[in-house]
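The structure under discussion appears below in the form of structure tokens.
The values are calculated or read from the model by the stated rules, or taken from the named source; none is laboratory data. Worth saying up front: this structure is predicted, and the values here are computed from it rather than measured. Reconstructed Cβ throughout: ideal geometry from the backbone, glycine too, with neighbour counts over all protein chains shown. Each accessible area value is taken on the protein alone, full model and side chains, heavy atoms only, with ligands, DNA and RNA left out. Shrake-Rupley method; radii C 1.70, N 1.55, O 1.52, S 1.80 Å.
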Amino acid sequence: MAFKAMKVSEKSQHHNNVVLVTGGSSGIGLATAKKFSNSNYTVGIIGRSGYRLELALKELGPQCFGIEADLSRPEAPAIIKKEVQRRALKCSVLVNNAGIYLPKTFAETTHAEWEQILQTNLLGPVRLTHDLLSELQGGAVIINVASTAGLRPIAGMAAYATSKAALISMTQILALELASKKIRVHAVCPGVVDTPIHWNGQEPNKKEKEKLLEQWASWHPLQTYGKPEDVAWAIYQLAQTEAHWMTGVVLPVDGGINLT
Ligand SMILES: NC(=O)c1ccc[n+]([C@@H]2O[C@H](COP(=O)([O-])OP(=O)(O)OC[C@H]3O[C@@H](n4cnc5c(N)ncnc54)[C@H](OP(=O)(O)O)[C@@H]3O)[C@@H](O)[C@H]2O)c1
């Protein structure tokens, strides 16, 4: 289901272009959508829950819209492409951000969980990017949200880290293959960021959360955990035309945790 178009602001500097943010209804994706929306970009946010999309749209400018689609399903790109074409928009920035987390070792992870993680975190971005290539403008930018877990082996998150390592590899291959079209491709690799991804629907109470945040902060050399806005800022900067000579960047945004 797609949400009704709202009036595109006359003042919009970027109204012919659209920034698509998968997982734009929460956490890093929502902060990214806000960052672009506040700079007058038209932002399309994608997620499974229409309710969460509606809540998120209340925080974005009137030029923004939502598309309900499950990226773990092969039919999702067609739904998204149809909506972009219906609105006669060209995509200037694609942020492949939607993802799920699974803190399990290799032995603990079932076949079904491997399937779910790879379908969402890897094949979701693969299929969407592939099918949107024709909708991208020259000079477009694709930004994949990976993780420091994809940069080096970390025990205890086998399927998740594998999905992110593969996403980083896809980013670099795509950067090479799309360079002649002047399409730039990057990956950002966040450290631990305070978002609902960690709670699996069950947020801890205030005291437990404070303890956890303190622990997360201590893992990072800069002694702070990440906020969604920290990652959104990096994504926004990589997408700017001033960064036109940068492609294939794999950027840790991680308080230095990748150095430990
Ligand atoms: N938070 C961290 O510490 C951290 C660290 C490193 C990397 N990351 C990465 O950052 C990205 C964003 O994570 P977050 O922490 O901001 O998580 P989050 O707050 O849980 O947000 C995840 C977003 O993805 C959407 N989503 C999940 N599965 C989807 C699917 N199958 N189809 C469409 N949308 C889907 C969710 O909406 P619906 O549930 O409504 O679909 C939601 O909007 C993820 O790729 C994650 O791996 C996060």
Handout entry: Residues located in segment 90-106, provided they are touching an Asp or Glu at 6+ places or on another chain (Cβ under 9 Å) and open to solvent by 50 Å² or more (accessible area, probe 1.4 Å)
Key = Lys90, Lys104
Problem - Residue within segment 11-34 that is more than 19 Å from Ala69 (Cβ to Cβ) and at pLDDT 95 or above present - result: yes
Exercise for the section: Could you list, in sequence order, all residues of segment 32-89 that are in contact with a Phe, Trp or Tyr (Cβ under 8 Å, 6 or more places away or on another chain) and open to solvent by 60 Å² or more (accessible area, probe 1.4 Å)? Expected result: Lys35, Glu54
Handout entry: Of all residues making up segment 107-151, the number that are at pLDDT 95 or above, of a type in the set (D, E, K, R) and either surrounded by fewer than 18 Cβ atoms within 10 Å (Cβ to Cβ) or within 25 Å of Trp245 (Cβ to Cβ) (or both)
Key = 4
Handout entry: Options Leu122, Leu136, Leu71, Leu94: the member that is touching a Gly at 6+ places or on another chain (Cβ under 6 Å) and within 21 Å of Met170 (Cα to Cα)
Key = Leu71
Practice task
Return a yes/no flag: does segment 62-72 have any residue that is within 15 Å of the ligand (Cβ to nearest atom) and among the hydroxyl-bearing types (Ser, Thr, Tyr).
Solution key: yes
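If you scan segment 218-244, which residues turn out to be without any contact (Cβ under 8 Å) to a residue 12 or more places away in the chain and over 15 Å from the mean Cα position of the chain (by Cα)?
Ser218, Gln240, Glu242 - these are the residues of segment 218-244 that are without any contact (Cβ under 8 Å) to a residue 12 or more places away in the chain and over 15 Å from the mean Cα position of the chain (by Cα).
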Handout entry: Of the criteria (1) in contact (Cβ under 8 Å) with a residue 60 or more places away in the chain; (2) within 16 Å of the ligand (Cβ to nearest atom), which one Thr247 fails
Key = (2)
Fill in the blank from the handout: Reported set for segment 80-130 where residues are aliphatic (A, V, I, L, M) and without any contact (Cβ under 8 Å) to a residue 24 or more places away in the chain is Ala88, Ala107, Ala112
Exercise for the section: Output the residues belonging to segment 37-65 that are part of a loop (DSSP other than H, G, I, E, B) and among the hydroxyl-bearing types (Ser, Thr, Tyr). Expected result: Ser39, Ser49
Problem - Set Ser92, Ser39: member being touching a Leu at 6+ places or on another chain (Cβ under 9 Å) and away from the ligand (no atom under 15 Å from the Cβ) - result: Ser92
